[in-house]
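The values are calculated or read from the model by the stated rules, or taken from the named source; none is laboratory data. Note that the coordinates shown come from a computational prediction; the quantities given were computed from them, not determined experimentally. No Cβ is skipped: glycine too gets one built from the backbone with ideal geometry, and neighbour counts run over all protein chains shown.
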Amino acid sequence: MKEILITIPVMIFTGIFQATLFSRIHILNGTADIILLMIIAWSLHPHTKYSWLWLLSGSLIMTYLSAIPMYGYFITYTIIWILIQFLKSRFWQMPIILMVFVTIIGSIVSAAVSYFVLFINDIQPELQTTLTQIMIPSLTLNLLFCIPVYGILNDWANSLYYKEAQL
Amino acid sequence: MKKIFENWQRVVMILLIAGMILLALSGFLTQMLGNVLDPVISIQKWVAERVKIVYEFFTIPRDVTQLRAENQALQDHVSLLQTQIIQLEQDLKEADILYSLLGFARGRPEETYVAAAVIGIDPSPFLKYVLIDKGSDDGIAFNMPVVTEKGLVGRISAVTASASRVQLITDIGSMVNARVVEADVDGVIQGSVTADISIEMVTQEVELQAGQTVQTSGLGGSYPADVTIGHIINVNKLENELFQSASIQPAEDFNTLQAVLVVANFRPSNISPLE
């Protein structure tokens with residue numbers, strides 16, 4: 001129950017930080033996607049039940065903040081979430097490695113989906129520029145942030161479910 | 001008389017006291033009193049000094065504590081003042097920005113402006129959009145041009161009641177009809193995913209040079225005319241191509257954009273039925 005209650009405020013605050021702070025931190029033209037990292041970290045936790053709510057609220061907030069057409073973030077985050085559900089049941093003993101792995105896959109999927117939705121909207125970014133100036137720098141930043149985000153959210157989820165178990 | 005003789009001791013005593021007073025008043029006892037009092041005063045002085053030392057011994061630690069407290073209070077006060085200085089410097093910076101915007105607005109009295117603060121940046125690294133704190137409640141409408149005192153910023157691409165999204169001219173989807181002032185030639189300003197802008201579709205007949213000013217041409221009716229966009233920094237001219245292009249240094253630094261002006265009375269022309 002607590003998980004449901006905290007989801008919306010946490011995502012709203014993260015969205016605000018994403019638009020004001022993390023969008024200004026960039027390597028070349030790449031930026032970190034903290035919402036994506038939070039969805040990955042929360043979904044990877046073995047006890048969280050409402051990670052789909054994080055996916056939904058995160059997608060809604062990013063769709064509101066970003067001008068990416070055709071609900072690009074919905075597509076990206078849904079692909080990542082499904083991938084996590086698939087991997088979680090098979091590699092459940094290695095969450096930290098899964099976090100790094102899914103972050104890499106997520107960054108690539110995010111860039112690919114953005115490229116694709118721009119492409120079908122008659123905007124054609126140069127592929128090599130996209131790769132060197134956006135995708136690889138974004139991936140680097142996401143990898144830099146993924147461990148702290150995982151640490152914070154994993155501890156938080158542990159404490160949340162430990163308290164709920166006590167109750 | 002008999003009584004006097006009976007009380008002769010008292011009489012002698014009174015006479016002695018009267019004599020002493022008379023001697024003191026006449027100054028004959030000063031030397032003698034000095035000799036008597038000097039040792040007493042010396043002793044008193046010695047005792048007073050010791051008492052003072054002992055008093056200070058017990059009271060100075062208390063003063064140190066008091067001084068430390070005062071020092072702490074002063075340090076707190078200094079910290080508060082420093083915070084106020086930083087706040088005032090920020091206010092001054094904001095005031096400078098607003099004065100600049102006001103100067104720009106006064107220079108173009110035919111247009112009405114709505115000043116807005118930049119409150120966010122598009123999280124997608126592919127797009128160059130910013131969020132501003134004014135929306136339809138403040139008279140902002142879709143496609144309105146956005147400028148600063150330095151030049152063109154972009155146009156409104158989405159509006160809510162209290163906020164709007166601005167597509168910057170550096171965005172890959174942005175196209176602005178422009179004119180190179182010195183060469184008197186038209187072209188199209190095109191953004192990119194790397195936030196670099198360039199003027200495209202410039203005829204090969206004219207000679208573009210670094211440093212030439214690029215302004216909006218007003219063609220197409222999407223932007224008002226004669227708003228500065230930037231300066232040419234690099235010309236790309238190939239003999240076998242139909243058009244030449246040039247890289248543009250934008251007049252505005254979009255990384256440090258804090259406040260903008262929305263041209264509220266400009267209604268973009270819808271030429272799509274003619275296309």
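Sort out for me the strands (runs of 3 or more DSSP E) sitting completely within the stretch B:96-160 that have 3 or more residues that are touching a residue at least 40 places away in the same chain (Cβ under 8 Å) and closer than 10 Å to B:VAL262 by Cβ. Walk me through it before giving the result.
Details: elements: B:113-121, B:129-132, B:145-147, B:152-159.
The strands (runs of 3 or more DSSP E) meeting that bar are B:113-121, B:145-147, B:152-159.
Quick grid of which residues meet (1) modelled with pLDDT of 90 or more; (2) farther than 20 Å from A:TRP54 by Cβ; (3) touching a strand residue (DSSP E or B) at 6+ places or on another chain (Cβ under 9 Å); (4) not in a helix (DSSP H, G or I):
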{"position": "A:PHE101", "(1), (2), (3), (4)": "yes, no, no, no"}
{"position": "A:GLY106", "(1), (2), (3), (4)": "yes, no, no, no"}
{"position": "A:VAL109", "(1), (2), (3), (4)": "yes, no, no, no"}
{"position": "A:PHE116", "(1), (2), (3), (4)": "yes, yes, no, no"}
{"position": "A:ASP122", "(1), (2), (3), (4)": "no, yes, no, yes"}
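Scanning for something closer than 24 Å to B:ARG108 by Cβ, in contact with a strand residue (DSSP E or B) (Cβ under 8 Å, 6 or more places away or on another chain) and in a loop (DSSP other than H, G, I, E, B), does the stretch B:202-210 turn up at least one residue? Before you say what the answer is, go through the steps one by one.
Of all residues in the stretch B:202-210, those closer than 24 Å to B:ARG108 by Cβ come to none.
Taking every residue of the stretch B:202-210 in turn, none turns out to be closer than 24 Å to B:ARG108 by Cβ, in contact with a strand residue (DSSP E or B) (Cβ under 8 Å, 6 or more places away or on another chain) and in a loop (DSSP other than H, G, I, E, B).
Among the numbered criteria (1) away from chain B (no Cβ under 13 Å); (2) in a loop (DSSP other than H, G, I, E, B); (3) buried (at least 21 other Cβ atoms within 10 Å of the Cβ), which one does A:TRP81 miss?
(2)
Out of A:LYS2, A:LYS49, report the one residue that is in contact with an Asp or Glu (Cβ under 7 Å, 6 or more places away or on another chain), more than 23 Å from A:PHE101 (Cα to Cα) and of a type in the set (D, E, K, R). Give the derivation first.
On the way: A:LYS49 fails: more than 23 Å from A:PHE101 (Cα to Cα).
The match here is A:LYS2.
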